Each structure stands twice: as C-alpha cells, then as structure tokens.
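> Sharing a structure below in structure tokens format, with a few things to ask.
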C-alpha cells in the first residue's frame, strides 16, 4: 500500500473476513492540461479486505477511458474569477 493512500476501517466483525470486490467503478476525471487537451475518465476496482477499504492515489488508477478532446479553461481575476474580498463583501462576511 502506498504511504499516501488512505483507507477506511469497517467494524471489527469484518476483521479476517477476506476480500469483497465491488467491481469496476468510476473514481474521477482527468482534466485537460496545457500539454494534453484530452478529458479522460479514471476507474478503479475497490476491494474491501478484512474490513478495510483502501483508496489509491489518483495516479495509481491506471484504468482510463478517453472521453473527448477539450481545451483547458483559462481563469482570470475580473474575467471569470472574483477576488475573495469581493465574494466576502457579497456574503456580508
């Protein structure tokens, strides 16, 4: 297990219960970058092992499916991003 991976522990009654596979599941999408203008879906095969579910790092989810070509969205203050101070003023914070 990767030192950066996280896990969730189930109740003690599942300790020693072995493996329970949940099949192929969607986990995230890989958004386009300036070098790669492609949107991919990432999948993983979660398995509950002795009551623990291990969540891999995104880069460990090697099952990918190309979705479509896509250019990255550009963000800029005053264009499509508000400064935090302006947002706080609107919310009265």
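Only the coordinates and a few stated rules stand behind these numbers; no lab work does. Not measured: the values here are computed from a predicted model. Every residue, glycine as well, gets a Cβ built from its backbone with ideal geometry; the counts of neighbours run over all protein chains shown.
> Run the quick spin-label model on residue 27 and residue 79: label points 7 Å from Cα toward the beta carbon, then report their separation in nm to one decimal.
3.3
> On to the next question. Once the piece of chain linking residue 17 and residue 37 is laid out straight, how much longer is it, given 0.36 nm per residue of separation minus the C-alpha distance between them?
On the way: separation 20, 0.36 × 20 = 7.20 nm, distance 4.40 nm.
Contour length minus the Cα-Cα distance gives 2.8 nm.
> Put a dot 7 Å past each Cα toward the Cβ at residue 87 and residue 70; how far apart are the dots in nm?
The modelled label-to-label distance comes out at 2.0 nm.
> What does the C-alpha gyration tensor say about the overall shape of the stretch 6-91? Classify as rounded when a/c is under 1.5, otherwise prolate if a/b is larger than b/c, or oblate.
Values: a/c = 4.59, a/b = 1.73, b/c = 2.65.
Judged from the Cα gyration tensor, the stretch 6-91 comes out oblate (a/c at least 1.5, b/c at or above a/b).
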